[in-house]
1. Restricting to segment 182-208, name every residue that is outside any loop (DSSP other than H, G, I, E, B), open to solvent by less than 50 Å² (accessible area, probe 1.4 Å) and within 15 Å of I242 (Cβ to Cβ).
2. Having 3 or more residues that are away from the ligand (no atom under 15 Å from the Cβ) and not basic (K, R) is the bar; report the strands (runs of 3 or more DSSP E) wholly within segment 1-93 that clear it.
3. Residue by residue through segment 88-100, note down the ones that are within 19 Å of V62 (Cβ to Cβ) and touching a residue at least 40 places away in the same chain (Cβ under 8 Å).
4. Tell me yes or no: at least one residue of segment 138-157 is polar (S, T, N, Q), within 16 Å of the ligand (Cβ to nearest atom) and farther than 30 Å from V62 by Cα.
5. Scan L121, L106 and give me the residue that is within 14 Å of the ligand (Cβ to nearest atom) and open to solvent by less than 50 Å² (accessible area, probe 1.4 Å).
Amino acid sequence: MEELRRKSLLYRSGLGFWCANHVQGCAHGCRYPCYAYLRARRYGRARDEADWRRPRLVANAVELLERELARRHGRIDVVHLCLTTDPFMVDCPEVSSLSLDLIACLNAHGVRASVLTKGVLPASLADQRFDRRNTLGISLVSLDEGFRSRFEPGAAPYGDRIAALARLHAAGCRTLVHIEPYPTPRIVRQEIAPLLSAVAFVDELHFGGWNYSTLPGDTTDCSAFYREQAQIVRAFCRTHGIRATVGA
Ligand code: SF4
């Protein structure tokens, strides 16, 4: 895998939390479209989709993280991996290995990690060297593999994502499912109930709509649809004791 070097790693996102993106590009090539790809193309970090899908590893990521955590000692409690790439990219063992090293580094400094992937979370995240207060999450907006091939062509099959998350939950880890961007019926016909049932074991759930393109359809119809789905999500989470954040 190609490598690059950066001058800094940690940054506070516009959403208000600390993040680390130790890879440039993402092999998953999502087509909602991927906001990170659009920005990378705009600012000259990716020529086109093929270029974006060729990830480059930040070779000095651990060194930067050590230095930046020492400098901000006690001022960061959680770091999110990742906002502009995927920490457990499919068929990219170098990315997964570096992600595990960064999470171990965060935890060794008393900082929790919040992880989100469309890949397969490694079972080793339940090892003793990792903090049990880490939040381990998957993105999941459908169970329809046809939808996945169309919109998340390089990401892991849904069943594999869920099985890995369930394994970590059974091992005592804190788990999360991120259901965003949830597709409208104009994009794919599906019921949300089976999706929620497949991840009923999680500790936390985030639900949000599809706001990146004109694909979802008429705004008024979308608002009504998302209000209805949000009600179903809230009721499900109440019944199952899941902490919910609903952004739709
Ligand atoms: S997994 Fe995330 S970063 Fe990667 S292409 Fe998909 S949306 Fe973009």
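1. If the condition is that a residue be outside any loop (DSSP other than H, G, I, E, B), open to solvent by less than 50 Å² (accessible area, probe 1.4 Å) and within 15 Å of I242 (Cβ to Cβ), then I192, L195, L196, A198, E204, L205, H206, F207 are the ones that fit.
2. 2-4
3. If we filter segment 88-100 for residues that are within 19 Å of V62 (Cβ to Cβ), which is where we start, we get 88-89, 92-100.
Listed by number, the residues that qualify are M89, C92, E94, V95, L98, S99.
4. Yes, the conditions are met somewhere in segment 138-157.
5. Only one candidate passes the filter, namely L121.
The values are calculated or read from the model by the stated rules, or taken from the named source; none is laboratory data. On a predicted model such as this, the values are computed, not experimentally measured, just so you know. Counting neighbours? That spans all protein chains shown, and the Cβs are built from the backbone with ideal geometry, glycine included. Ligands, DNA and RNA are stripped out before the accessible areas are found, and what is left, the full protein with its side chains, is counted by its heavy atoms. Shrake-Rupley method; radii C 1.70, N 1.55, O 1.52, S 1.80 Å.
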